[in-house]
Amino acid sequence: MDEKDFLAERFEEHRAHLRAVAYRMLSSLSEADDAVQEAWLRLSRSDVSDVANLGGWLTTVVGRVCLDLLRTRTARGEEPFDVRVPDPVISRATGGGRDGSGTDGTDPEQQALLADAVGLALLVVLQTLAPAERLAFVLHDMFGVPFDEIGPVVGRTPAAARQLASRARRRVRNAAAVPDTGLVRQREVVDAFLAAARDGDFEGLLGVLDPDVVLRADTGAGFPGLTRTVRGAHEVAGRALAFRRSAHGARYALVNGAAGVVTVVDGAPVSVMGLTVVGGKIAAIDILADPERLRGLDLTVLGADADARRLTADG
């Protein structure tokens, strides 16, 4: 094995971790993959013979790449809405994995992506942070990177980096309610929501929605004028009734480790819905229905049965 092969092997040992870091920073699976690839390119061009902790070195490199991407987004004003519906991570519910996640636990990369219960609602809140705040919070609070290493990445002193993370932490605590963790209870709430939507039961919908529920939807460019963010139980219930027909194609799945739904029409997925349940009520609904983004998701992980095979992006 030559030196480059040896370096590539060591990099692969850290790939899942690096992708998890980038996903939390960017809320995009494709951009996370790009950031990891850029980290490999930088590694292959660098002399790391004196690097004692390659994993830590790579983590800060990915952090720098993600920080540059976030700053570019901000400078160009590319995001047309307040926040972007994050790319969901879909997994199959088996009713109780050994880790309590309800998944089969066989995919280490998925486990890394979903560690620390990084739900869609939390990713949405992270998007509201300034790029440097987000990096300081993600690297320190989620991955334990010391501020001595974070400071140079954001161009600040370690003390200033600590303040960035502290400010971000307060905003996250104030904006992100702690979701219910029991998957059985989550599924009961989701089942009640779907049943009410199918039956056109407005009062039933109100019964499972938090009064301040927020619905965010990315439907892509094909639906101009459709409201992207809806707030309040009455408004969200009205939207749910408008899509009652598609509710009959709903299939239960785990979306970022929590109860969620993949909706299938004519054998093809038309939306992925992540639901955040807080105190037995649905506090947030995040819907990805952009055909282009749906094509980029791996839905084959839902299983090998007939229904699951129909949930592939190609129909």
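Compute the separation of the alpha-carbon centres of segment 260-292 and segment 174-204 and state it in Å as a whole number. That distance is 12 Å. Just so you know, the Rg over Rh for segment 129-242 is 1.15, from Cα atoms, with Rh as the Kirkwood radius. Relative to the current alpha-carbon distance between D141 and V265, full extension at 0.36 nm per residue lengthens the span by 40.6 nm. Loop-located GluC sites (Glu not before Pro) in segment 157-266 (DSSP state not H, G, I, E or B) with no more than 12 neighbouring Cβ atoms inside 10 Å do not occur. Where the convex hull is taken over the Cα atoms of segment 1-77, what is its projected area averaged over directions, in nm²? Projected area, direction-averaged: 5.3 nm².
Which percent of the accessible area of segment 121-179 is formed by carbon and sulfur heavy atoms (probe 1.4 angstrom)? Carbon and sulfur together cover 52 percent of it.
Tell me, what is the FRET efficiency for E9 and R169 to the nearest 0.05, using R0 = 30 angstrom and their Cβ-Cβ distance as r? E between E9 and R169, to the nearest 0.05, is 0.25.
Note on surface exposure: T181, T59 rank T181, T59 by accessible area, highest first, 1.4 Å probe.
The values are calculated or read from the model by the stated rules, or taken from the named source; none is laboratory data. A quick note: this is a predicted structure, and the numbers were derived from the prediction, not measured. Here the Cβ is made from the backbone with ideal geometry for all residues, glycine too, and neighbour counts use every protein chain on show. SASA here: full protein model, heavy atoms, side chains in, ligands and nucleic acids out. Shrake-Rupley method; radii C 1.70, N 1.55, O 1.52, S 1.80 Å.
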